[in-house]
Amino acid sequence: MSDVVRAPLDQAHRPANDAACVVPGVRKVPRLGFLGLGWIGRARLDALAATGGVEVAALADSNAASLEAAARDYPGAAALDGCERLLECALDAVVIATPSGQHAGQALAALQRGCAVFCQKPLAVTAADAARVVQAAATADRLLGVDYCYREVQGMPVLRRRVLDGELGHIVAVDLVFHNAYAPDQSWCRERRLAGGGCLLDLGVHLVDLALWLQDFPRVELVDATLYRNGAPYRCDDPGTEDFAVAVLRQANGATLRLACSWHAHTGRDALIELVLHGTRGGAAWRNVNGSFYDFEIEICHGTSRELLGAPPDDWSARALTRWAARLAADGRFDPSAWGVVQGTALIEAMYARVGGAEPPS
Ligand SMILES: NC(=O)c1ccc[n+]([C@@H]2O[C@H](COP(=O)([O-])OP(=O)(O)OC[C@H]3O[C@@H](n4cnc5c(N)ncnc54)[C@H](O)[C@@H]3O)[C@@H](O)[C@H]2O)c1
């Protein structure tokens, strides 16, 4: 490891966005640090670097092989073994893609150093931690983004606009499904202490976020939740993680949300992904095509007629990150819409609380 770790060029304990560094009228490219260079961290790093809109200033991973591989491809970046050393660099922002249970602490540390943050989902395991992170971003007035990447699938922003304009009428029910024939193969995903949770925190968080975001965060309460592991009821004192989750939630307007998600699912395809809105004047659906993890269709329906809002091909996967980076370059200031993440986190936390056992780790 020691021959891999390159010291950052600037060890100053201040962010590069320090007012003293800014030359009026000169727009500089933000200096970014990337924490966690595993599967998604590396994919997002490469996608963002390819835009040319950011400087890859620092890389950090506790795994020497992952760090070495990234350092080879980004020779100008400082290569470091963890969060603390990364935050010693003069950075404008940090992109976090470490195991889920670490996100809140690392995001908080970065924000407290004055860095903007883009964090993989989930931002936190508990609502209290999520709120602490968002409050830190508000206090530092730094941009906080979370990789709720499906918000950026082609047609999703249009669907949101039309739902909020009332085209579907009164929403009566929302069906949320994400069954994955596989499961993450990283060992940390099967340890509650490290991952914070299983399929619910991996897949269910996306669905809950989408349902809330599409309706501009209505008040929602949990009615019931049941989790399973290997077919047996799961409780939170299990050191492993759940692989099947079902939940029923109720919106303040009376609408019922039904959520189901799982790993190792038997659905005859790689994945079954679906969000269906049932309204009094119309319906809408987001669905994966032919079992794909990447190809989606979005439609708005009135009676038997269907209007397609989005369809493949659509390179959506890094869009949330590239949009965040564009805002970072523009001014990088706190966006209060980040508070919405706390509500989804609270609902997921409530589902774990419902099945009993130990308190969720924070
Ligand atoms: N937005 C999405 O749809 C999406 C998709 C996949 C994964 N994710 C999320 O991304 C995160 C990472 O998932 P992954 O599949 O890339 O996992 P991964 O195991 O492949 O990558 C995690 C990386 O973090 C490194 N790491 C662990 N602890 C560290 C520390 N303290 N400091 C520095 N590096 C550390 C590991 O060595 C590893 O390289 C998870 O939270 C997951 O939920 C989100």
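The values are calculated or read from the model by the stated rules, or taken from the named source; none is laboratory data. In this text the structure is predicted, and so the values were computed from the model without any measurement. Backbone-built Cβ (ideal geometry, glycine too); neighbour counts: all protein chains shown. Heads up: the accessible areas ignore ligands, DNA and RNA and are worked out on the full protein's heavy atoms, side chains in. Shrake-Rupley method; radii C 1.70, N 1.55, O 1.52, S 1.80 Å.
List of remarks:
Rundown of residues vs (1) buried (at least 20 other Cβ atoms within 10 Å of the Cβ); (2) within 12 Å of the ligand (Cβ to nearest atom); (3) not in a helix (DSSP H, G or I), yes/no style:
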position: Leu59; (1), (2), (3): yes, yes, yes
position: Ala65; (1), (2), (3): no, yes, no
position: Ala69; (1), (2), (3): no, yes, no
position: Val95; (1), (2), (3): yes, yes, yes
position: His103; (1), (2), (3): yes, yes, no
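- Taken together, the residues in region 71-88 that are more than 14 Å from the ligand (Cβ to nearest atom) and open to solvent by less than 20 Å² (accessible area, probe 1.4 Å) amount to 1.
- Apart from one condition, Ile300 fits all of (1) over 22 Å from the mean Cα position of the chain (by Cα); (2) open to solvent by 20 Å² or more (accessible area, probe 1.4 Å); (3) β-branched (Val, Ile, Thr); the exception is (2).
- Residue count for region 144-164, restricted to those that are open to solvent by 50 Å² or more (accessible area, probe 1.4 Å) and either without any contact (Cβ under 8 Å) to a residue 12 or more places away in the chain or outside any helix (DSSP H, G or I) (or both): 3
- Taken as a whole, the structure leaves Leu80 outside the set of residues that are over 22 Å from the mean Cα position of the chain (by Cα), modelled with pLDDT of 95 or more and closer than 16 Å to Asp46 by Cα.
- Candidates Glu191, Glu167 - the one that is within 30 Å of Cys301 (Cβ to Cβ), charged (D, E, K, R) and open to solvent by 30 Å² or more (accessible area, probe 1.4 Å): Glu167
- Candidate set from region 215-252 (those that are among the hydroxyl-bearing types (Ser, Thr, Tyr) and part of a strand (DSSP E or B)); member that is surrounded by the most Cβ atoms within 10 Å (Cβ to Cβ): Tyr228
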